[in-house]
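Take a look at the structure set out below.
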Amino acid sequence: MTTHPQSDHGGDVRLTGISKTYDNGFTAVRPLDLTVPQGSFFALLGASGCGKTTTLRMIAGLEEPTTGTVMLGDQDVTGLPPYKRPVNTVFQSYALFPHLDIYENVAFGLRRRGIKSVQKQVDDMLDLVQLGEHKRKKPHQLSGGQQQRVAVARALINHPKVLLLDEPLGALDLKLRRQMQLELKRIQTEVGITFIHVTHDQEEAMTMADTVAVMNQGRVEQLGAPTDLYENPGSTFVANFLGTSNFIEAEIAGRAGDDLTLRAGDGKLVLPGARCSTASTATGDKVLLGVRPEKISLTHADDASQIPDGRNRITGRIADSSFIGVSTQYVVDSPLCDAFEVYAQNIERDARLVPGAEVVLHWNPAHTFGLDAAQDAE
Ligand code: ATP
């Protein structure tokens, strides 16, 4: 496999105080500071309308910021038109030239710059996206995933320092999208330049990116590595956006070393201090405890004595259960939570775990996270 080392990767992308208010007075992006480390695969993740495309377009130069600056390494590119920035963008619509074959589509950017001998570069680039054998085909003779790979090759041929990807996989079916996620990740690792990827799909962001910025209403709500965001969400918004969470409102009863002990109904609950992101942790303060469904075990109440010590535990009654292949999903009613969701994986099938059964939900306290109780968990 040919590699494509790039001598000058351009440095970090730094947005400082960047914001966008459109002519109609609508503020799509509130002043935000963001640093995208050079060579990283960075995802802007959020629901439709949260401002992620606007942010990307300001980096590309396709949208003029209302305030703030865009730096690429040491270069202030805020006032530069798109074609003068060392960045390129891949859009959801591949926008390939239908009358040109794949080779000429990829060669286009080089030829436009007046470069005569393009063969090695184009062949290398087609190798990179694994389309060498298709180079004489026209775009309509390729699958959606292959066409998107041509679009990526075409965007990389001029050696941009940053590749911007605006929902590039949005038009593909689910299976192809999953394949392309891994493919894009491999390409990014090989070329080594910064990729900034916009998506509303949390699984996509978590699969591909080193760092994810979760956006909400024009702001970056939280920034971090995927595992960190998933395990330590700083708000109910992030907790809910990156998967399903159960929430319990609890009161701090005291401390045991670095851990907080909590009161909530009959629940025996511990929250490791490091997993608590609330401002105040005095006795009597309220905390919203979160726990992911797959971290919870379910034991029939008759067997409760077999649950090891040191587990967080609450009681409930099974409201519903459904077998979903790798796991069984239980919905459990509890006075502490409107409806607990529990995904029990690889447990021996216990015939007593049917709707109506009394159960104990239990989990390792390390899998608990604590949030400000004033937040709306909906
Ligand atoms: P999507 O995934 O749907 O593209 P997004 O998070 O990328 O969403 P943006 O495209 O950045 O969101 O748009 C953010 C908000 O700004 C939206 O409410 C959108 O309607 C609004 N907006 C975008 N472009 C303009 C414009 N030219 N004039 C006025 N409002 C705009």
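Since every read-out is calculated from the coordinates, none of them should be taken as a lab result. Everything numeric in this text was worked out from a predicted model, so none of it was measured. Here the Cβ positions follow ideal geometry from the backbone for every residue, glycine too, while neighbour counts run over all protein chains shown.
How long are the three semi-axes of the equivalent ellipsoid of the range 244-372, in whole Å, if each is the root of 5 times an eigenvalue of the C-alpha gyration tensor, listed from largest down? Walk me through the intermediate numbers first.
On the way: eigenvalues 138, 38, 33 Å².
Calculated on Cα positions only, the semi-axes equal 26, 14, 13 Å.
Loop only per DSSP, at most 16 neighbouring Cβ atoms within 10 Å: give me the trypsin sites (Lys or Arg not before Pro) in the range 61-164, ordered by residue number. Walk me through the numbers on the way to the answer.
Details: sites: Lys84, Arg111, Arg112, Arg113, Lys116, Lys120, Lys135, Arg136, Lys137, Arg149, Arg154, Lys161; in loops: Arg113, Lys116, Lys135, Arg136, Lys137, Lys161.
Answer in residue order: Arg113, Lys116, Arg136, Lys137.
Per residue of the range 16-29, in order, report the coupling 6.51 cos²θ - 1.76 cosθ + 1.60 (Karplus, θ = phi - 60°) as ³J(HN,Hα) in whole Hz, putting x for Gly and Pro.
Computed from phi, the couplings for the range 16-29 are 10, x, 6, 8, 9, 10, 6, 4, 7, x, 7, 8, 8, 10 Hz.
Measure out, as a whole number of angstrom, how far apart the alpha-carbon centroids of the range 123-159 and the range 219-275 sit.
Going from one Cα centre to the other spans 45 Å.
For Ile324, what charge total do you get from the other residues with a beta carbon under 14 Å from its beta carbon, if Lys and Arg give +1 and Asp and Glu give -1? Intermediate values should be presented prior to the final figure.
Working: positive: Arg349; negative: Glu294, Asp320, Glu341.
After counting each charged neighbour, the total is -2.
Could you grab the relative contact order for the chain? Cα pairs under 8 Å, six or more apart, rounded to a whole percent. Mind showing how you got there, number by number?
Numbers: 796 pairs, mean separation 59.5, N = 378.
The normalised contact order for the chain reaches 16 percent.
For the range 244-372, with only Lys/Arg (+1) and Asp/Glu (-1) charged at the beta-carbon, what is the dipole magnitude about the Cα centre, in debye rounded to 20? Can you show the working numbers first?
Details: 12 positive and 18 negative charges, 42 e Å.
With only Lys, Arg, Asp and Glu charged at Cβ, the dipole is about 200 debye.
Taking the Cα centre of the chain as origin, work out the dipole magnitude from +1 charges on Lys and Arg Cβ and -1 charges on Asp and Glu Cβ, in debye rounded to 20.
On the way: 37 positive and 46 negative charges, 350 e Å.
Charge dipole of the chain: 1680 debye, to the nearest 20.
Looking at the range 13-239, what % of its DSSP beta bridges pair antiparallel, to the nearest 5? Please report the intermediate quantities before stating the final value.
On the way: 18 of 36 bridges.
Of those bridges, close to 50 percent are antiparallel.
Local charge sum around Lys185 (other residues, Cβ-Cβ under 15 Å, Lys/Arg +1, Asp/Glu -1)?
Local net charge: -2.
Diagonalise the Cα gyration tensor of the range 13-239 and give the resulting equivalent ellipsoid semi-axes, square root of 5 times each eigenvalue, largest first, whole Å.
Values: eigenvalues 180, 85, 46 Å².
With the √(5λ) rule applied to the range 13-239, the semi-axes are 30, 21, 15 Å.
Can you list the lysines whose alpha carbon is less than 29 Å from that of Lys138, not counting same-chain residues fewer than 8 positions off?
Qualifying lysines at Cα under 29 Å: Lys116, Lys120, Lys161, Lys175, Lys185.
List the lysines whose Cα lies under 22 Å from the Cα of Lys20, skipping any in the same chain that are fewer than 8 positions away.
Here the lysines satisfying the reach criterion relative to Lys20 are Lys52, Lys84.
Going by alpha carbons, how many degrees (0 to 90, nearest 10) lie between the helix axis of 144-156 and the longest principal axis of the chain?
The angle comes out at about 60 degrees.
Per the helix-only calculation at 222 nm, which mean residue ellipticity applies to the chain, given -39500 (n - 2.57) for every DSSP H run of n ≥ 4 and division by its residues, nearest 500 deg cm²/dmol?
Details: 8 runs with 80 residues, N = 378.
After summing the helix terms and dividing by the residues of the chain, the value is -6000 deg cm²/dmol.
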